[in-house]
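Asker: Right, I'll just put the structure down here and ask away after.
The values are calculated or read from the model by the stated rules, or taken from the named source; none is laboratory data. Remember, predicted model here, so these are calculated numbers, not experimental data. Positions of Cβ are generated from backbone atoms using ideal geometry, with glycine treated the same way; all protein chains shown enter the neighbour counts.
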Amino acid sequence: MRKDPFLAAVLAAATLALSACVPVSDAQVTKAPPAAAMRAEAPLPAPAFLAAPVAARVPMAGQHGDAEMAATFMELTFALESGRRLDTFSRFEGPVTVALSGQVPPGAAAELTRVIARFRSEAGIDIRPAQPGERASITIDFNPKAALRRAAPTAACFVVPNVSSLAEYKAKRGSAAVDWANVAQRQHVAIFAPSDASPQEVRDCLHEETAQALGPLNDLYRLSDSVFNDDNFNSVLTPFDMTILRAYYAPDLSSGMSRAEVQARIGAVMARENPGGPGQGGADLSPTPRAWITAVETALMGGQSQATRRAAAERALSIARAQGWRDGRLAFSHFAAGRLYVGTDRARALAEFSAAATLYRGLPGGAIHVAHIDMQLAALALAAGQADQASQLADRALPAIRAAQNHALLATVQLIKAQALEALGRPDAAEALRVDSRAAARYGFGTEAQIRARQREIAALGGQWGFGG
């Protein structure tokens, strides 16, 4: 389940300080305006870069050991995000079909085609679009965000077994029919996704929720290079995720197996599916206490006072240190604290961001996490009148952002750099970069109104020091 809004708001590149003494905003750039605003504007065309064929992804090269992958597979597979235990392995058996229904937004069909191609080529799953009139294995049902929030208040998109529409889910909600614990073999699954969202948010939901409809139903905060993580740093499926899905559909496993039966086979599966895994190790596989998860969610959720959120961030840090973690959980604790101290203690915020970045640099896939931090630091530098430093931080972040295909974050960092160039007396270069950012901005933000709002927000950073734009 992709969470909304508490973490997507943090990690979608929208958290910019409007001055050195104002807290970071909780607006999210992958979240489109309300449905009425979406209907008021014509759909924006997909940028040209999305028309290119999907390049083959490079498999993981010894980043995770076989024993670690096997243990992670078991943890992802035999629990729900709530922590509830599952006792039976379930998947689709035979070909999997996928269909779109409801208020399908422009571009969704093309996004689905791209992700299906990846499932086929990278995970080896026999998956294809459903034929007209055929009841699909997976139905992606698009509805307005308001309707989805009435069904699941904290989710941007979510997955339910044994239904194909929101109306059907509402009729069966609370019954055994839609309880994942009762599923021994997947037959029909619905993904509920927002129809009034930016193209990037639609893509992100298609990636994560289709992967969960096919495979693991759990998320783990300790995973740094996976969409199966509620921190939402990764928005498209990674080599780690495809390795997990390849194992899910390995011939060694079948629906209805018990935890013990899967445990007896998964080691051999990972030895085959995880090239470079033998001899690798050292990952901290310790469980994540529910108290830490609650503290992180409180720290990052809107609707709470800043004092309450800062206290929660301090609790998360305290728990992470007491657990002895040196992985993404400690890094994310520092990141959350850094955001919450931007408006009240700049030195503390910089120290927390620095600590988070140091940890993330040593983790698999950590480059995109560092890029998010560099965006925060670039915004702070711009607000402090340090335009040259802001430009350098933006340049450092851009390669990792492009590799991660986060176009909302890409456009945000490009606009920060453009504002820095303006401040450095290079208005022509600034305007050229703003023009270059348009395709990514349209895809990431969703509407012209949202793009203009982001431009004004970033211009205000420079405006604190009398810069134009």
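Asker: (1) surrounded by 14 or more Cβ atoms within 10 Å (Cβ to Cβ); (2) in the same structural domain as Thr77 (by TED's automatic domain parsing): which one isn't true of Ala260, the others all being true?
Answerer: Answer for Ala260: the failing condition is (1).
Asker: A further question on this structure: Identify, by number, the condition in (1) without any contact (Cβ under 8 Å) to a residue 40 or more places away in the chain; (2) touching a helix residue (DSSP H, G or I) at 6+ places or on another chain (Cβ under 7 Å) that Ala420 doesn't meet.
Answerer: Answer for Ala420: the failing condition is (1).
Asker: Being farther than 28 Å from Phe332 by Cβ and part of a helix (DSSP H, G or I) narrows it down to one residue among Asp428, Asp395; which is it?
Answerer: Every option except Asp428 fails the conditions.
Asker: Any chance segment 286-293 includes a residue that's surrounded by fewer than 24 Cβ atoms within 10 Å (Cβ to Cβ) and among the basic types (Lys, Arg)?
Answerer: Scanning segment 286-293 turns up at least one residue that is surrounded by fewer than 24 Cβ atoms within 10 Å (Cβ to Cβ) and among the basic types (Lys, Arg).
Asker: Further question on the same structure: Would you check which residues across segment 320-370 are without any contact (Cβ under 8 Å) to a residue 40 or more places away in the chain, assigned to a loop (DSSP other than H, G, I, E, B) and closer than 21 Å to Thr308 by Cβ and list them?
Answerer: Within segment 320-370, Asp345 is the sole residue that qualifies.
Asker: Might you check whether a residue that is closer than 23 Å to Ala271 by Cα, acidic (Asp, Glu) and buried (at least 17 other Cβ atoms within 10 Å of the Cβ) occurs anywhere in segment 126-148?
Answerer: no
Asker: Let me ask something else. So, in segment 300-318, of the ones that are surrounded by 17 or more Cβ atoms within 10 Å (Cβ to Cβ) and at pLDDT 95 or above, which residue ends up farthest from Leu359 (Cα to Cα)?
Answerer: Within segment 300-318, the match that is farthest from Leu359 (Cα to Cα) is Arg309.
Asker: Which number in (1) among the hydroxyl-bearing types (Ser, Thr, Tyr); (2) under 22 Å from the mean Cα position of the chain (by Cα); (3) modelled with pLDDT of 95 or more; (4) over 26 Å from Pro199 (Cα atoms) marks the one condition that Thr139 misses?
Answerer: Checking Thr139 against (1) among the hydroxyl-bearing types (Ser, Thr, Tyr); (2) under 22 Å from the mean Cα position of the chain (by Cα); (3) modelled with pLDDT of 95 or more; (4) over 26 Å from Pro199 (Cα atoms), the one that fails is (4).
Asker: Got a sec? Which strands (runs of 3 or more DSSP E) wholly within segment 104-206 have at least 3 residues that are in the same structural domain as Thr412 (by TED's automatic domain parsing) and either touching an Asp or Glu at 6+ places or on another chain (Cβ under 8 Å) or among the acidic types (Asp, Glu) (or both)?
Answerer: Where strands (runs of 3 or more DSSP E) fall fully within segment 104-206, none carries at least 3 residues being in the same structural domain as Thr412 (by TED's automatic domain parsing) and either touching an Asp or Glu at 6+ places or on another chain (Cβ under 8 Å) or among the acidic types (Asp, Glu) (or both).
Asker: Among Leu382, Leu393, which is of a type outside the set (S, T, N, Q), in the same structural domain as Thr344 (by TED's automatic domain parsing), crowded, with 24+ Cβ neighbours inside 10 Å and free of Cβ contacts under 8 Å to residues at least 24 places away in the same chain?
Answerer: Leu393
Asker: Considering (1) in contact with a Gly (Cβ under 9 Å, 6 or more places away or on another chain); (2) buried (at least 24 other Cβ atoms within 10 Å of the Cβ), say which one Tyr221 fails and leave the rest.
Answerer: Going through the list (1) in contact with a Gly (Cβ under 9 Å, 6 or more places away or on another chain); (2) buried (at least 24 other Cβ atoms within 10 Å of the Cβ), Tyr221 breaks only (2).
Asker: Answer yes or no: is there a residue in segment 400-423 that is over 30 Å from Arg361 (Cβ atoms), crowded, with 16+ Cβ neighbours inside 10 Å, more than 21 Å from the chain's Cα centre (by Cα) and charged (D, E, K, R).
Answerer: The answer is yes; a qualifying residue exists.
Asker: If I ask for residues that are touching a Ser or Thr at 6+ places or on another chain (Cβ under 7 Å) and small (Gly, Ala, Ser), which ones from segment 172-227 would you list?
Answerer: Residues satisfying the conditions are Ala184, Ala190, Ser198, Ser226.
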